[in-house]
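Undergrad: Below are the structure tokens for one structure; questions will follow.
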Amino acid sequence: MKPLPLRSLFALPLVLGLCACAIGPEHQPSRLDSMPASFKHGAGWLPATPGGGTERGDAAWWRPFADARLEGLLLELATANPGLEQARARLRQAEAALKGQQAELFPQVQGNVAVNRSSSAGQVSKSHDLGLALSWLPDLWGRVRRQTEAGRAELEAAEAETAALRLSLQTSLAENYVTLRILDRQRTLLQETITAYERSLTLTRNQYEAGMAARADVVQAQSQLENVRAQLLELVDQRARAENAIAVLAGRPPAALDIAADASLPELPAAPAAVPAALLTRRPDLTAAERRVAAANARIGVAMSAWLPDLTLNLSGGYRAGQASGWLDAPNKVWAVGPALALTLFDGGARSAQVDQAEAAQEEAAAAWKAAVLAALQETEDALARLRALEDLSRQQEKVVALAEENERLVTNRYREGLVSFLEVAVAQNATLAARRAALDVRRDRLQASMRLVTALGGGWPGLGGAGESGASGAEAVADREKS
């Protein structure tokens, strides 16, 4: 095979120089024109400037809640949840697509071996062919690089979406877990109340037998006791449904998970006092939306490259002979080399339409990112407002519980002295029970609101958990599953 002419080698730097070009607009970080100076419901927060940040929140955001059982379930979710398995499969698809796009930057080499028989004017001939062909379409205008840029942005978006899904599922499991533990506490409260009401029923019967109380008082005490027993049965059903939801989120069938009753509750982390609002940029869903904008922007360059000519470099060589024995002899060598230039001269406006479509898609992605930022701001404001309101409500509910307990004590003493009917005792007891249950509901709401703030900020805030700390070890997670 003859070597390429020397002038072709001198032309190579020019070709490579052309390949350094990439047509189309460069991606600029997405920005929101009108950002609030601070969060309305978060005093001390710095100006919010979300815009495609990539730093993630603490992977072990649950550690400050100090609940080993919750931690084990969340770690199990991260490896066994079917929704996350689907997301990871989509992520591998994006990785494979990117590799396929990057392959277009390299020459394509093909080899062939053929034995043919042909006939002409009654003469039969045989030919033996052995060949190697190289074809390269240099990326003169950056079309492939823009495709690769879009593919890489899509891959980063898929990674961020997987992180967002994991955080969302973890929050859902944690909220169900809090509900379950509050129901355990409620059950303990109702069991204690049943014991107290049984004593009240005994006291009322004794007073009735002594002629100090009416039969109606006994019926009232019995009715009140049975009503609380009915409430306890309702809690059993609610707890079973919460436990089933946790099992499915953790990737187990409900029958394979049994969470032992425990009246203890996760710790309530302190709400952030002064945290940069720029933490919003760590939200994986905002990162995914911003990466979609970058991918759409790169596709504008891909569409614009259709206006420019494609240069294909072809090189082939091989051997052709009538006899296999002389296949590789020098006289049987064949070769070919040459460039091919292709340019579409008229397409009826198809290329213009493709550019317009790509630009509109980029504008749509930018609007979607803006909508995601506004939704993130709303979620954060809602979580902050909710936490502040629940903190005040918790203090107020403690006062209500204290007053209800004091009132019940006073009324019960008056009933023992025969000064009031049991109806007043029943009203006081029911008010105490309602106040205590309401206090537990507020505790549940505060824990869940704190978890929602974690999600709103993309995985927590500085000081929430040990940065860089990991959760329980794999052995601890296995031990935890065996216990269940």
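All of the numbers you see were taken from the coordinates with simple rules; none came from a lab. Just so it is clear, the model here is predicted, and its values are computed rather than measured. Backbone-built Cβ (ideal geometry, glycine too); neighbour counts: all protein chains shown.
Undergrad: Please report the equivalent ellipsoid semi-axes of the range 351-464, computed as sqrt(5 x eigenvalue) of the Cα gyration tensor, largest first, in whole Å. Kindly include the intermediate steps, with their values, before the conclusion.
TA: Values: eigenvalues 638, 41, 13 Å².
Result for the range 351-464: semi-axes of 56, 14, 8 Å.
Undergrad: Obtain the nm distance between the two label points defined at GLU417 and ARG92 by a simple spin-label model: each point lies 7 Å from its Cα along the Cα-to-C-beta direction.
TA: With each label point 7 Å from Cα toward Cβ, the separation is 7.8 nm.
Undergrad: For the range 132-240, restrict the atom set to alpha-carbon positions and state the Rg and Dmax in Å.
TA: 33.6, 114
Undergrad: What is the log10 of I(q)/I(0) for the range 160-298, computed with the Debye formula using one identical point scatterer on each Cα and no solvent, at q = 0.14, 0.20 Å⁻¹?
TA: The computed values of log10 I(q)/I(0) come out as -0.85, -1.13.
Undergrad: Related question: Taking the Cβ of each residue in ASP347, ASP392 as the centre, tally the other Cβ atoms inside 10 Å and list the residues starting with the fewest. Walk me through the intermediate numbers first.
TA: Values: ASP347 12, ASP392 9.
With the fewest neighbours first, ASP347, ASP392 line up as ASP392, ASP347.
Undergrad: Order these by the 10 Å Cβ neighbour count, fewest first: MET451, MET212.
TA: Numbers: MET451 25, MET212 14.
Sorted ascending by nearby Cβ count, the order is MET212, MET451.
Undergrad: Another question about this same structure. What translational diffusion coefficient, to the nearest whole µm²/s, does the range 227-269 have by Stokes-Einstein, given a Kirkwood radius computed over alpha-carbon pairs, a temperature of 10 °C and 1.306 mPa s viscosity? Show your work: numbers first, answer last.
TA: Details: Rh = 12.0 Å.
Diffusion coefficient, whole number: 133 µm²/s.
Undergrad: Express the Stokes-Einstein translational diffusion coefficient of the range 86-154 in µm² s⁻¹, to the nearest whole number, given a Kirkwood radius over alpha-carbon pairs, 10 °C and a viscosity of 1.306 mPa s. The partial results should precede the final answer.
TA: Details: Rh = 15.8 Å.
For these conditions, the coefficient is 100 µm²/s.
Undergrad: Moving to a separate point now. Tell me which aspartates and glutamates have Cα within less than 13 Å of LYS370's Cα, excluding those fewer than 8 residues away on the same chain?
TA: By straight Cα distance, LYS370 reaches ASP33, ASP285, GLU290.
Undergrad: Provide SER168, SER125 in ascending order of the number of other Cβ atoms located within 10 Å of each residue's Cβ, fewest first. Could you put the intermediate results ahead of the total?
TA: Working: SER168 14, SER125 10.
So the residues, fewest neighbours to most, are SER125, SER168.
Undergrad: Order of 424-431, 436-443 by packing, highest average Cβ count within 10 Å first?
TA: Result, highest mean Cβ count within 10 Å first: 424-431, 436-443.
Undergrad: Summing +1 for each Lys or Arg and -1 for each Asp or Glu, what net charge is found among the other residues whose Cβ lies under 9 Å from the Cβ of ILE182?
TA: On the way: positive: ARG181, ARG185, ARG443, ARG444; negative: ASP184, ASP441.
Here the count lands on +2.
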